[in-house]
Amino acid sequence: MLRLMEVLLYTGDMKRMRSFYERQIGLRHDTAGAQWTSYPTRGALLALRPVSEGRDPHAEITFASEDLEGALRGLAERGVKMTGQIQMHGWGRLARFRDPEGNALAVAQPTQPIPMGDGMRLGSAVIHTRDLAAATKEIDVLKREAVSNASRIENAAKTRAGVAL
C-alpha cells in the first residue's frame with residue numbers, strides 16, 4: 001500500500017527555511033545539516049534540502065511502498081513514466097516520476113520501518129494544478145495502486161497463515 005512518506009522542500013536558503021520551520025512553525029528537527037534537515041511529524045517526514053545550482057525551489061512528494069517493483073509495474077501499466085532508474089540509498093530504494101503538471105513525485109521502499117514523529121501532524125499535501133482532470137486521473141492511479149498493493153499484501157498474509165496451520 002502506498003503511504004505518504006515524505007514532503008521534501010528544495011530551497012535556495014536553508015538557514016532561512018530552518019528558522020521558519022523551527023521558530024515560526026515550532027517543529028523540532030531530528031537531523032540538521034547543510035545538505036539535509038528533517039522534521040518528523042505525526043504524518044510524513046518534512047525535509048529541507050538545498051536546491052541544485054540553476055534550479056528553482058520546488059517540492060517533491062514521496063510515497064512509501066513495501067513492494068517497489070510491484071508499485072512501479074502498476075504505475076507503468078496505467079501510463080506513468082519514471083524519470084530515471086531506481087536509486088539505491090542507505091535507507092532504501094527510490095524511483096522518481098512527475099505528475100501531469102510537472103510536480104516531482106517518488107515511490108520509495110524503505111529498508112527500515114518509517115517512524116511516526118511526535119511533532120505537528122502533517123495530514124495532507126496540496127498540489128496546485130492547471131489541469132484538474134489530469135491531476136485527478138494521476139491521483140486515481142495512485143489510489144488504485146494503493147488498493148492493489150493492500151489486497152496483494154493481505155492475500156500473501158492469508159497464504160502464509162494457511163501454510164503455518
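Arg98 fulfils the conditions (1) over 13 Å from the mean Cα position of the chain (by Cα); (2) surrounded by fewer than 17 Cβ atoms within 10 Å (Cβ to Cβ); (3) modelled with pLDDT of 90 or more; (4) of a type outside the set (A, V, I, L, M) except for a single criterion, (1). Scanning region 26-41 for residues that are in contact (Cβ under 8 Å) with a residue 12 or more places away in the chain, within 16 Å of Thr11 (Cβ to Cβ) and surrounded by 13 or more Cβ atoms within 10 Å (Cβ to Cβ) yields a count of 5. State all residues of region 1-45 that are out of contact with any strand residue (DSSP E or B) (no Cβ under 8 Å at 6 or more places or on another chain) and part of a loop (DSSP other than H, G, I, E, B); if no residue qualifies, say none. Residues satisfying the conditions are Met1, Asp13, Ile25, Gly26, Gly33, Thr41, Arg42.
Looking only at residues that are of a type in the set (D, E, K, R), under 17 Å from Tyr10 (Cα atoms) and surrounded by fewer than 16 Cβ atoms within 10 Å (Cβ to Cβ) in region 50-85, which one is farthest from the chain's Cα centre (by Cα)? Taking the candidates together, the pick is Glu53.
Against the list (1) in contact with an Asp or Glu (Cβ under 9 Å, 6 or more places away or on another chain); (2) modelled with pLDDT of 95 or more, the condition Gly117 fails is (2).
One line per residue, one yes/no per condition, for (1) farther than 19 Å from Gly92 by Cβ; (2) of a type in the set (S, T, N, Q):
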{"site": "Glu6", "(1), (2)": "no, no"}
{"site": "Lys15", "(1), (2)": "yes, no"}
{"site": "Gly26", "(1), (2)": "yes, no"}
{"site": "Gly33", "(1), (2)": "yes, no"}
{"site": "Ala44", "(1), (2)": "no, no"}
{"site": "Arg49", "(1), (2)": "no, no"}
{"site": "Ser52", "(1), (2)": "yes, yes"}
{"site": "Ala59", "(1), (2)": "yes, no"}
{"site": "Phe63", "(1), (2)": "no, no"}
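Please specify each residue of region 31-54 satisfying the condition of being in contact with a Phe, Trp or Tyr (Cβ under 7 Å, 6 or more places away or on another chain) and charged (D, E, K, R). The one that is in contact with a Phe, Trp or Tyr (Cβ under 7 Å, 6 or more places away or on another chain) and charged (D, E, K, R): Arg49.
The values are calculated or read from the model by the stated rules, or taken from the named source; none is laboratory data. In this text, all values refer to a predicted model and were calculated from it rather than measured experimentally. FYI the Cβ positions are ideal-geometry reconstructions off the backbone, even for glycines, and counts take in every protein chain you see.
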